[in-house]
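Structure, as structure tokens:
The values are calculated or read from the model by the stated rules, or taken from the named source; none is laboratory data. Quick caveat: nothing in here was measured; it's all calculated off a predicted structure. Here the Cβ positions follow ideal geometry from the backbone for every residue, glycine too, while neighbour counts run over all protein chains shown.
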Amino acid sequence: MKIYVSVDMEGIGGIVLPDQLRKGEFFYQEGRQLLTNEVNAIVDALLEAGATDIVVKDAHATGFNFVPELLRPGATYLMGGTPIPNRFAGLDSTFDGAFLIGYHGMAGARRAVRDHTFSSASFQYVKLNGREVGEIALDSHLIGVHGVPVLLVTGDDAACREAKEELEGVAVYETKQAAGRHAALLKAPQQVRQEMREAVRAALAGRGGCKPRVIPGPYELEIRYTSTDMADGKYCDGVRSERLDGQSVLHRDDDLVRLLARAL
Ligand SMILES: [Zn+2]
């Protein structure tokens, strides 16, 4: 059994403040430890369940957040900058499923820890074929082009809700209940890690009900930027990319990966 695990940071147990998420901030090193310990619990659970190939991608910000020395042997870890065409390096159609761990609600989601879509600074919202999407949906599509289904999504209650709306049959595990953008009712991280093992087992058992996230083309991606100068910086030929208003640009393409690589 081959499983690909993409790990963001905002939805990890014990994480709630921006200071835990950014290099150089006071609580960042503690955030990295929480992240790495949760990754280890998942790798342990996957090995126990009989996974033979496990690739774990560090998907937050620079892609270098895991503490390498603390990582469990038995998996391969993708770390460092991976722009969209290579976002899930090592993933191919031979994988049985993927996990999205530590994810968060889309930009503008109400009561969601660190709601954003790729960049809080740049994007007010992103719409794919007219429908608002966040990172759970977009990453599921980028995984779906390989014919691989997402089996498990973890994060706060907003992330779990979003996953259920987006992905039929997906298993979810709630690490915390959001009480605001920078506040949550937390479970102890040690409890999260214990319960995560059960969530991994349940997700693998239910994998028959999950399908790769695929929608037919052509594709349109509308991006509303936080300010007009960001939209000004996008070249619009009126065909492949069209300026809709001061802050919004619509990008079109027949190929979804090419579209996302160009637009995001
Ligand atoms: Zn992140």
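Answer yes if at least one residue in region 244-257 is within 30 Å of Ile54 (Cα to Cα) and either among the acidic types (Asp, Glu) or assigned by TED's automatic domain parsing to the domain that holds Leu138 (or both), and no otherwise. There is at least one residue in region 244-257 that is within 30 Å of Ile54 (Cα to Cα) and either among the acidic types (Asp, Glu) or assigned by TED's automatic domain parsing to the domain that holds Leu138 (or both).
Does region 9-25 contain at least one residue that is assigned to a helix (DSSP H, G or I), over 18 Å from the mean Cα position of the chain (by Cα), within 16 Å of the ligand (Cβ to nearest atom) and within 30 Å of Ser122 (Cα to Cα)? Looking for residues that are assigned to a helix (DSSP H, G or I), over 18 Å from the mean Cα position of the chain (by Cα), within 16 Å of the ligand (Cβ to nearest atom) and within 30 Å of Ser122 (Cα to Cα), one finds at least one in region 9-25, hence yes. Among the conditions (1) in the same structural domain as Val170 (by TED's automatic domain parsing); (2) more than 16 Å from the ligand (Cβ to nearest atom), the only one that Ala109 does not satisfy is (2).
Residue check: Gly74 meets all listed conditions (1) at pLDDT 95 or above; (2) within 16 Å of the ligand (Cβ to nearest atom); (3) small (Gly, Ala, Ser); (4) not in a helix (DSSP H, G or I) but one, namely (2). Checked against the criteria, Val56 counts as within 16 Å of the ligand (Cβ to nearest atom) and either part of a helix (DSSP H, G or I) or closer than 22 Å to Ala205 by Cβ (or both). It is to be established whether one or more residues within region 191-200 are under 30 Å from Leu244 (Cα atoms), free of Cβ contacts under 8 Å to residues at least 60 places away in the same chain and assigned by TED's automatic domain parsing to the domain that holds Asn37. Checked region 191-200: no residue is under 30 Å from Leu244 (Cα atoms), free of Cβ contacts under 8 Å to residues at least 60 places away in the same chain and assigned by TED's automatic domain parsing to the domain that holds Asn37.
Confirm whether Phe95 is assigned to a loop (DSSP other than H, G, I, E, B), modelled with pLDDT of 95 or more, more than 16 Å from the ligand (Cβ to nearest atom) and more than 23 Å from Phe123 (Cβ to Cβ). In short, yes. A search for C-beta distances below 8 Å between a residue of region 44-69 that is within 18 Å of Leu152 (Cβ to Cβ) and any residue that is more than 12 Å from the ligand (Cβ to nearest atom) and of a type in the set (S, T, N, Q), counting only pairs 6+ apart in sequence or on different chains, returns Asp53/Thr76; Ile54/Thr76; Val55/Thr76; Val56/Thr76; Lys57/Thr82.
Each residue in region 165-182 was checked for being within 16 Å of Val150 (Cβ to Cβ), in a strand (DSSP E or B) and among the hydrophobic types (A, V, I, L, M, F, W, C), and 2 of them qualify.
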